[in-house]
Amino acid sequence: MTRRADENIRLSYAAAFVRGRTDLRPDVGLVLGSGLSAIADRFEGAVAIPYAEIPEFPVTRVEGHPGRLVLGRFGGVVAAAMQGRVHAYEGRHPEDLAFGVRLLARLGSRALVLTNAAGAVNPAHAPGDLVRIQDHLNLSGSNPLTGRNDERLGPRFPDMSEPYDRRLGALLEACAARLAIPLSAGVYAGVAGPSYETPAEIRMLRMLGADLVGMSTVQEAIAARHLGVPVAAVSLVANLAAGLGGRPLSHAEVLTAGEAARERLSKLLECFVPEAVR
């Protein structure tokens, strides 16, 4: 799959529009996954811009993803949060999956926090658990860096030996310990979706070393590392993966889990965000 329009120009249009709507310049960017968008409601002095109004910004149509960019103060620092993201299963180009985090970086974010709702492949994780992503398996069949490389964004062959920043991971764990919020760590398998996995696929993922499975995040992490921006990521375990829970999976279950865990994750991120750019 080849690149379309010049990505640098697309990002410049989008960033100019956002800067024209607010004087806020974010130090940290967040991507809020399924059922987690209300975390941005805690922003002080917030400015919310629908994706549909931002030039070039891909608009999501998935339930639980409101589709707004929110800028405001969070944990005492200026942050920008994406309330939802686009996915490959919506028929989107790989660059679209990365556009949001690239824009967050272009706006000034020096660290990125990715969140998602995931299925537990490892039976040690239960619905409602928060899990820090320490590595991933990109099994989605796509990569946002495919095609001609733009050296203004990053190198042709970016190093991925540490896709999720070790220092940020330690800060997340320190905040969790301080707040007495249980936080484990694991490997996230990113798949294409939109159908959930079969029991056989879940057994395969477990054999490959995955603890969690979901349909997002890996392309964003790759794009951020390409830009040289450090990344932290947290999964909310929404359900047990196929063959482990004994009942059919549904997106409604994912949204319900997000609602239940929102307060814990909000407190964790409110502690973490100022530490991330200190």
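The values are calculated or read from the model by the stated rules, or taken from the named source; none is laboratory data. Everything numeric in this text was worked out from a predicted model, so none of it was measured. Cβ: placed from backbone, ideal geometry, glycine included. Neighbour counts: every protein chain shown.
Structure data summary
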read-out	value
Filter result for ARG42 (more than 26 Å from GLU197 (Cα to Cα), crowded, with 17+ Cβ neighbours inside 10 Å and either of a type in the set (S, T, N, Q) or touching a Leu at 6+ places or on another chain (Cβ under 8 Å) (or both))	no
Checking ALA232 against (1) within 24 Å of PHE157 (Cβ to Cβ); (2) outside any strand (DSSP E or B), the condition it does not meet	(2)
Yes/no for ALA16 being out of contact with any Cys (no Cβ under 8 Å at 6 or more places or on another chain), among the small types (Gly, Ala, Ser), farther than 25 Å from LYS267 by Cβ and part of a helix (DSSP H, G or I)	yes
Selection from segment 19-41 of residues that are part of a loop (DSSP other than H, G, I, E, B) and either modelled with pLDDT under 95 or hydroxyl-bearing (Ser, Thr, Tyr) (or both)	THR22, GLY33, SER34, GLY35, LEU36
Filter result for the condition that a residue is outside any helix (DSSP H, G or I) and surrounded by 15 or more Cβ atoms within 10 Å (Cβ to Cβ), over PRO144, PRO155, PRO182	PRO144
Subset of segment 58-76 [over 16 Å from the mean Cα position of the chain (by Cα) and of a type outside the set (D, E, K, R)]	LEU71, GLY72, PHE74, GLY75, GLY76
Count - residues of segment 17-39 that are aliphatic (A, V, I, L, M) and surrounded by fewer than 19 Cβ atoms within 10 Å (Cβ to Cβ)	1
Residue that is under 19 Å from the mean Cα position of the chain (by Cα) and modelled with pLDDT under 95, where the choices are ALA118, ALA221, ALA189	ALA118
Residue in segment 66-74 that is surrounded by 22 or more Cβ atoms within 10 Å (Cβ to Cβ), touching a Ser or Thr at 6+ places or on another chain (Cβ under 8 Å) and more than 17 Å from VAL101 (Cβ to Cβ) present	no
Single match in ALA117, ALA105, ALA79, ALA98 (criterion: within 30 Å of ALA200 (Cβ to Cβ), out of contact with any Cys (no Cβ under 9 Å at 6 or more places or on another chain) and among the aliphatic types (A, V, I, L, M))	ALA117
Cβ-Cβ under 6 Å pairs, at least 6 apart or on other chains, segment 208-230 side touching a residue at least 40 places away in the same chain (Cβ under 8 Å) and small (Gly, Ala, Ser), far side assigned to a helix (DSSP H, G or I) and buried (at least 24 other Cβ atoms within 10 Å of the Cβ)	ALA223/ALA98; ALA223/VAL101; ALA223/ARG102; ALA224/VAL101
